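Peer 1: Just passing along the structure, written as structure tokens.
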Amino acid sequence: MKFYTKFLLALSLVFSFANAKEFIIDNTHTNVGFSIKHMMISNVKGDFKTYTAEINYDTDKKIFTKLNAKIEASSVDTGIAKRDEHLKSADFFDVTKFKNIDFVMTSMENGKVIGKLTMHGVTKEVTLEAKIHGTVKDFQGNLRIGFTLEGKINRKDFGLGWNKILEGGGLTVGEDVMLSIEIEAIELKV
């Protein structure tokens, strides 16, 4: 009886992922972005230029069964070279010591992707709002998916604590980082 129960469970898992398709990022139509308060009066935006991801998406259930990403920390780009060098330094990302930022999805429920984010040697659970924009066939007959992931993290939770106090009070750099990730991916053909 025990064998039969395990067999049925294994069979149901196989069928539950039967419609999960593997996708690869289309880097020309993807942006891994963030914004953070500067001097309490404006938002500075930036993104990362180098990243990879493992994406499995169930087209019937409209959920991710796998969503793991690796971002090269030294690819941070805010459009200002001097600021980017500061972000790469030991004050922030310390890219010589911590080369990558990793995300591993643990579940998806109610339109939220939950996973473990590892940055600056610290791993924390994060929740990202997922908005699936849909799937479509492109001009070459490839299946594409478009989606947005948004969330908020506190940079100090990951050991990125550098700051300076402003003359009138307040901090130079905000603690909350808003994440906004726009992804277009193409089904991987085997």
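The values are calculated or read from the model by the stated rules, or taken from the named source; none is laboratory data. Since the structure is predicted, the reported quantities are computational estimates derived from the model, not experimental observations. As a convention, Cβ positions derive from the backbone with ideal geometry for all residues, glycine included, and neighbour counts pool all protein chains shown.
Peer 1: Which of (1) modelled with pLDDT under 95; (2) of a type in the set (Asp, Glu); (3) under 13 Å from the mean Cα position of the chain (by Cα) is the odd one out, the single condition GLU150 does not satisfy?
Peer 2: Going through (1) modelled with pLDDT under 95; (2) of a type in the set (Asp, Glu); (3) under 13 Å from the mean Cα position of the chain (by Cα) one by one, GLU150 breaks only (1).
Peer 1: Just name the residue that is modelled with the highest pLDDT out of those in the range 153-187 that are among the hydrophobic types (A, V, I, L, M, F, W, C) and loosely packed, with under 14 Cβ neighbours inside 10 Å. Reasoning before the result, please.
Peer 2: Restricting attention to the range 153-187, the residues satisfying the condition of being among the hydrophobic types (A, V, I, L, M, F, W, C) are 153, 158, 160, 162, 165-166, 171, 173, 177-179, 181, 183, 185-186.
Narrowing the set further to residues that are loosely packed, with under 14 Cβ neighbours inside 10 Å leaves 165-166.
Working: ILE165: 72, LEU166: 65.
Filtering the range 153-187 for residues that are among the hydrophobic types (A, V, I, L, M, F, W, C) and loosely packed, with under 14 Cβ neighbours inside 10 Å, the one modelled with the highest pLDDT comes out as ILE165.
Peer 1: A further question on this structure: Write out, first by first residue and then by second, each pair whose Cβ atoms fall under 7 Å of each other, whose residues are 6+ apart or on separate chains, and whose first residue, in the range 80-100, is without any contact (Cβ under 8 Å) to a residue 60 or more places away in the chain while the second is among the basic types (Lys, Arg).
Peer 2: Pairs that qualify, where the first residue is without any contact (Cβ under 8 Å) to a residue 60 or more places away in the chain and the partner is among the basic types (Lys, Arg), are VAL95/LYS88; ASN100/LYS70.
Peer 1: Let me ask something else. Of the residues VAL44, VAL32, which single one is out of contact with any Ser or Thr (no Cβ under 8 Å at 6 or more places or on another chain) and of a type in the set (Val, Ile, Thr)?
Peer 2: On the way: VAL44 fails: out of contact with any Ser or Thr (no Cβ under 8 Å at 6 or more places or on another chain).
Every option except VAL32 fails the conditions.
Peer 1: Continuing with this model, one more query. Can you tell me how many residues in the range 67-91 are surrounded by fewer than 17 Cβ atoms within 10 Å (Cβ to Cβ) and more than 20 Å from HIS120 (Cα to Cα)?
Peer 2: Adding up the residues that qualify gives 4.
Peer 1: When you look at THR30, is it β-branched (Val, Ile, Thr), surrounded by 13 or more Cβ atoms within 10 Å (Cβ to Cβ) and over 13 Å from ASP77 (Cα atoms), yes or no? Break it down stepwise before answering.
Peer 2: Working: β-branched (Val, Ile, Thr): yes; surrounded by 13 or more Cβ atoms within 10 Å (Cβ to Cβ): yes; over 13 Å from ASP77 (Cα atoms): yes.
Answer is yes for this residue.
Peer 1: Could we say that LEU117 is within 18 Å of PHE34 (Cα to Cα), at pLDDT below 95 and buried (at least 16 other Cβ atoms within 10 Å of the Cβ) here? Break it down into steps so the answer makes sense when it comes.
Peer 2: Details: within 18 Å of PHE34 (Cα to Cα): yes; at pLDDT below 95: no; buried (at least 16 other Cβ atoms within 10 Å of the Cβ): yes.
So LEU117 does not fit the description; no.
Peer 1: While we're here: For the range 30-46, how many residues meet the condition of being closer than 17 Å to ILE153 by Cα and under 11 Å from the mean Cα position of the chain (by Cα)?
Peer 2: Of the residues in the range 30-46, 3 are closer than 17 Å to ILE153 by Cα and under 11 Å from the mean Cα position of the chain (by Cα).
Peer 1: Turning to a different aspect of this structure: Just one of the numbered conditions (1) modelled with pLDDT of 90 or more; (2) outside any helix (DSSP H, G or I); (3) of a type in the set (A, V, I, L, M, F, W, C) is not true of ILE36; which one?
Peer 2: (1)
Peer 1: So which residues in the range 46-69 are of a type in the set (A, V, I, L, M), modelled with pLDDT of 95 or more and out of contact with any Leu (no Cβ under 9 Å at 6 or more places or on another chain)?
Peer 2: Listed by number, the list holds a single entry, ALA69.
Peer 1: Another question about this same structure. For residues that are among the hydrophobic types (A, V, I, L, M, F, W, C) and free of Cβ contacts under 8 Å to residues at least 24 places away in the same chain, scanning just the range 101-141, find the one that is nearest to ASP77 (Cα to Cα). Break it down stepwise before answering.
Peer 2: Applying the first criterion (among the hydrophobic types (A, V, I, L, M, F, W, C)) to the range 101-141 yields 101, 103-105, 108, 113-114, 117, 119, 122, 126, 128, 130, 132, 136, 139.
So of that shortlist, the ones also free of Cβ contacts under 8 Å to residues at least 24 places away in the same chain come out as 114, 136, 139.
Numbers: ILE114: 26, VAL136: 30, PHE139: 32 Å.
Here the answer is ILE114.
Peer 1: Residues that are at pLDDT 95 or above and part of a strand (DSSP E or B): does the range 84-96 have at least one?
Peer 2: No, the range 84-96 has no match at all.
Peer 1: Which of the residues that make up the range 48-77 are under 18 Å from GLU129 (Cβ atoms) and among the hydroxyl-bearing types (Ser, Thr, Tyr)?
Peer 2: Listed by number, the list holds a single entry, TYR57.
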